[in-house]
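**Q** Got a structure for you, written out below as structure tokens; questions coming shortly.
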Amino acid sequence: MGNYLNHELGDGPGALVIGLDAGGTRTRALLAAASATDGRVLGEAVGGPGNAMTVPVPQLTEHLVEALARVVPEEARGRVVAVTGGFAGATAASAEDPGTVKARTALTEALRRLGVPSDRVGVCSDIEAAFAAAPGTPSDGLALVAGTGAVALRVTARRATTTVDGDGWLLGDEGSGFWIGRSAVRAALRMADGRGRPTVLAAWVGRTLGLPVDVLPKGGIPSYDHGGTDLPSGTGTPTPGVPGWERARREDFRRHLLPAVMADPPIRLARFAPLVAEAAAEKDAVALAILAEAADHLLETVRALEPRPGERIVATGGLLGPAGPLTAPLADRLRTHDLSLDWVADGCPGAVALARLAHTS
């Protein structure tokens, strides 16, 4: 799909730049005037996934062609003076990084096919591009991403120099959407087997997985267990029985839930993260504890970068947006260290800004 403002292009000689944000689910492209004082976005379009580490070069090239062909009309392609792509799996810190090599190879070929000049082609990570999307196009500071995964970077001269976490669902990504979703399912299992505290998450996770209605908890969650929120998820005094959910039905719940979870790739556990946010909004103690622990993990990730008081932290990802469930708890924790978050939606505006800098340098 594309959203075109190309009627504004006209037939004039004005120089153009393109910024790309290529992630695991889509590639987004922006066409803009090369002049930073102009600031106009002239077109935007979306193509297929653009993770440089997981998408083969031929397929990545096709996805880039798809987005680029949609964002800039053929008659204006000769006016493009710089292109910068922020790719998941790439980095500006090393031209020899495997992901960076793949991204540059695919991007150069896509531009060649479309007849777009490729004299000034920049490749960086999607996180480096997101950092550059902050007001003023900063060159130094910290970047924090909390979406399906979680990672923090120190950025120096617009290049990532230090990385904390981002180690994937198996080894890390603590405090991420995956981590929160997995915690929700674990809380449901612990409630069912008698180790954990009652939580609405058991019924909500079960419904999301399509479990039979007759194995789900009935009668709600006892109000007396909605008290304290200072215990980590799944700890504290277990409730031996939940009204309307006897042991036999809890066993059936477990027998149905485990195969349903195992049938999907592990990363799909991230889809349960919104359930935790909804349950926390209803003051579910277990959900509140999960979010508190997730915020603690992200604080630990940031602190591992040894931030200076007042140092800029550019944040992106759905968990930290204006309506993100971790925005407020993490901001509270950072405030005690004289730190705050500067949120950006994605890296596309940053990629445009970097393309403009490449054009003028």
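**Q** Within the range 168-186, track down each residue that is open to solvent by 10 Å² or more (accessible area, probe 1.4 Å) and aromatic (Phe, Trp, Tyr).
**A** Correct list: 169, 179.
**Q** Give me the pairs: first residue in the range 244-258 and more than 17 Å from residue 200 (Cα to Cα), second residue open to solvent by 10 Å² or more (accessible area, probe 1.4 Å) and at pLDDT 95 or above, beta-carbon distance under 6 Å, and six or more apart or on different chains, which are they?
**A** From the range 244-258, the pairs are 256/211.
**Q** Additional query: Within the range 128-142, is even one residue within 19 Å of the chain's Cα centre (by Cα), open to solvent by 30 Å² or more (accessible area, probe 1.4 Å) and farther than 20 Å from residue 296 by Cβ?
**A** No.
**Q** What number of residues in the range 62-76 are under 11 Å from residue 114 (Cβ atoms) and of a type outside the set (A, V, I, L, M)?
**A** Adding up the residues that qualify gives 4.
**Q** I'd like the residue in the range 157-181 that is touching a residue at least 40 places away in the same chain (Cβ under 8 Å), closer than 13 Å to residue 147 by Cβ and part of a loop (DSSP other than H, G, I, E, B) and, out of all such residues, is farthest from the chain's Cα centre (by Cα).
**A** The residue in question is 175.
**Q** Which residues, taken from the range 332-361, are among the aliphatic types (A, V, I, L, M) and either open to solvent by 20 Å² or more (accessible area, probe 1.4 Å) or under 28 Å from residue 50 (Cβ atoms) (or both)?
**A** Once the filter is applied, which keeps residues that are among the aliphatic types (A, V, I, L, M) and either open to solvent by 20 Å² or more (accessible area, probe 1.4 Å) or under 28 Å from residue 50 (Cβ atoms) (or both), the range 332-361 yields 341, 344, 345, 351, 352, 353, 354, 355, 357, 358.
**Q** Shifting gears a bit: Return the residues of the range 251-298 that are among the acidic types (Asp, Glu) and touching a Pro at 6+ places or on another chain (Cβ under 7 Å); say none if nothing qualifies.
**A** 293
**Q** May I ask you to verify whether residue 189 is open to solvent by less than 20 Å² (accessible area, probe 1.4 Å) and not polar (S, T, N, Q)?
**A** Judged against the criteria, residue 189 is not a match.
**Q** Would you say residue 237 is at pLDDT 95 or above and in a loop (DSSP other than H, G, I, E, B)?
**A** When the stated conditions are applied, residue 237 does not pass them.
**Q** Residues in the range 74-88: is at least one in contact with a Gly (Cβ under 6 Å, 6 or more places away or on another chain), open to solvent by less than 50 Å² (accessible area, probe 1.4 Å) and part of a loop (DSSP other than H, G, I, E, B)?
**A** yes
**Q** Select the helices (runs of 4 or more DSSP H) contained entirely in the range 240-331, then report the ones holding at least 2 residues which are buried (at least 18 other Cβ atoms within 10 Å of the Cβ) and small (Gly, Ala, Ser).
**A** Fully inside the range 240-331 and qualifying: 273-281, 285-303.
**Q** Sticking with this one: Could you identify the single residue in 148, 161 that is open to solvent by 10 Å² or more (accessible area, probe 1.4 Å) and in contact with a helix residue (DSSP H, G or I) (Cβ under 8 Å, 6 or more places away or on another chain)?
**A** Testing whether each residue is open to solvent by 10 Å² or more (accessible area, probe 1.4 Å) and in contact with a helix residue (DSSP H, G or I) (Cβ under 8 Å, 6 or more places away or on another chain) leaves just 148.
**Q** Still on this model: Of the conditions (1) part of a helix (DSSP H, G or I); (2) among the hydrophobic types (A, V, I, L, M, F, W, C); (3) within 14 Å of residue 121 (Cα to Cα), residue 69 satisfies every one except a single condition; which number is it?
**A** With respect to (1) part of a helix (DSSP H, G or I); (2) among the hydrophobic types (A, V, I, L, M, F, W, C); (3) within 14 Å of residue 121 (Cα to Cα), residue 69 is out only on (3).
**Q** So, one more: Of the residues that sit in the range 218-231 and are more than 18 Å from residue 290 (Cβ to Cβ) and open to solvent by 20 Å² or more (accessible area, probe 1.4 Å), which one is modelled with the lowest pLDDT?
**A** Among those residues, the one meeting the criterion is 224.
**Q** Sort out which residues of the range 19-60 are under 21 Å from residue 125 (Cβ atoms), in contact with an Asp or Glu (Cβ under 6 Å, 6 or more places away or on another chain) and of a type in the set (A, V, I, L, M), and write them in order of number.
**A** Selection gives 30 alone.
**Q** Let me ask something else. Filter the range 15-43 for residues that are open to solvent by less than 50 Å² (accessible area, probe 1.4 Å) and either of a type in the set (Phe, Trp, Tyr) or in a loop (DSSP other than H, G, I, E, B) (or both) and give the result.
**A** Those that are open to solvent by less than 50 Å² (accessible area, probe 1.4 Å) and either of a type in the set (Phe, Trp, Tyr) or in a loop (DSSP other than H, G, I, E, B) (or both): 15, 23, 34, 39.
**Q** Among (1) touching a helix residue (DSSP H, G or I) at 6+ places or on another chain (Cβ under 7 Å); (2) not in a helix (DSSP H, G or I), there is one condition residue 184 misses while meeting the rest; what is its number?
**A** (2)
The values are calculated or read from the model by the stated rules, or taken from the named source; none is laboratory data. What you see is a predicted model; the values in this text were computed from it and never measured. For neighbour counting, all protein chains shown are included, and Cβ atoms are generated from backbone atoms with ideal geometry for every residue, glycine included. SASA here: full protein model, heavy atoms, side chains in, ligands and nucleic acids out. Shrake-Rupley method; radii C 1.70, N 1.55, O 1.52, S 1.80 Å.
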